[in-house]
1. Among the complete DSSP H segments of the chain, which ones combine at least 20 Å of alpha-carbon extent along their axis with a mean Kyte-Doolittle hydropathy of 1.0 or more?
2. Sort the following peptides by mean Cβ neighbour count (other Cβ atoms within 10 Å, averaged over residues), highest first: 125-132, 230-237.
3. Picking from M5, Q200, L101, whose Cα lies most toward the positive end of the charge dipole for the chain (charges on Cβ: Lys, Arg +1; Asp, Glu -1)?
4. Nearest 20 debye, what's the magnitude of the dipole of the chain about its Cα centre given +1 on Lys and Arg Cβ and -1 on Asp and Glu Cβ?
5. Take the alpha-carbon centre of the range 84-155, take the same for the range 188-251, and report the distance between them in whole Å.
6. Quickly estimate the mean residue ellipticity at 222 nm for the chain, helices only: each DSSP H run with n ≥ 4 gives -39500 (n - 2.57), and the total goes over all residues, rounded to 500.
7. Note down the net charge around A20, summing +1 for each Lys or Arg and -1 for each Asp or Glu among other residues with Cβ under 9 Å from its Cβ.
8. Could you give the accessible area per residue of the chain, probe 1.4 Å, as a whole number in Å²?
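The values are calculated or read from the model by the stated rules, or taken from the named source; none is laboratory data. Since the structure is predicted, the reported quantities are computational estimates derived from the model, not experimental observations. Here the Cβ positions follow ideal geometry from the backbone for every residue, glycine too, while neighbour counts run over all protein chains shown. Side chains included, ligands, DNA and RNA excluded: accessible areas come from the protein's heavy atoms. Shrake-Rupley method; radii C 1.70, N 1.55, O 1.52, S 1.80 Å.
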Amino acid sequence: MDAHMNGIRMAYEDRGAGPALLLVHSFPTRGAMWQEQVAALEADYRLLVPDVRGFGKSDVPPGPSTMEQYADDMAALLDVAGVEQAVVAGLSMGGYIAMALLRRHAARVRALVLADTRATPDTPEKREQRETDARLVERTGAAALAASMVPNLLAPGASSAVRARLRSLIEGNDPHGMAGALRGMALREDSTALLAAAGQNGVPVLLVVGSQDALSPPAEMRGLQRSIPGSRLVEIADAGHMTNIEQPAAFTAALREFLAVLR
Ligand code: MLT
């Protein structure tokens, strides 16, 4: 489906019926990365699954795509879908977007699932690296970025089928959309205090991390969990950064258990 909002056309899936769950994908994939979770949960939940601006079948606007813009798009999507409040689950960049949604549109967030992500902003070195990567992807295309990223995104033991699937989720994307996301991620705010306050105010928060996540390692996610009162952390064995793709059954089970308590 398509929706027009905030000057762009956004493609999204709207599946199932029941309490609403908004699934926000990582960088540099697209909504289809949630395929297994959609198949497992659509009998019991209404799943809203966008391709965020610059990715998948959505429009690719020029310039950096900030977490604030993505978050405003998510709020607009909830408006289009007629959903007042949703459980918001985001993996990595999807987590950054979920945090920005909480900051800007707190009333729309019933609960948060933050997978393989971090609350802290980029270091100056990381910002420089993002700009280098943005220029690289603009020059050489999505396939080159996919080839350089895939090994870091997955556990060393990931199967060739999982590797191929991840590559195909990345390669279909527009290089300019990827560059916009890289530049937008470099601009993001620190969400540590925001998440701590949300926990204090009773917003349910589930954290998920792959035991072999090299990008947002378990030790860092444990630190985040300690800073959010009432939050829970589920560590998924034999998974790297892309927990929901690498261990879909374990990821979905963690999600289902969390959602069941909210009903
Ligand atoms: C992601 O998986 O979305 C990225 O690792 C996020 C990032 O580059 O910070």
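1. Helices meeting the span and hydropathy rule in the chain are 248-262.
2. For the peptides 125-132, 230-237, the packing ranking is 230-237, 125-132.
3. Value computed over the given set: Q200.
4. Computed about the Cα centre, the dipole is about 200 debye.
5. Between the Cα centre of the range 84-155 and that of the range 188-251, the gap is 13 Å.
6. That comes out to -14500 deg cm²/dmol.
7. Net of charged neighbours comes to +1.
8. 39
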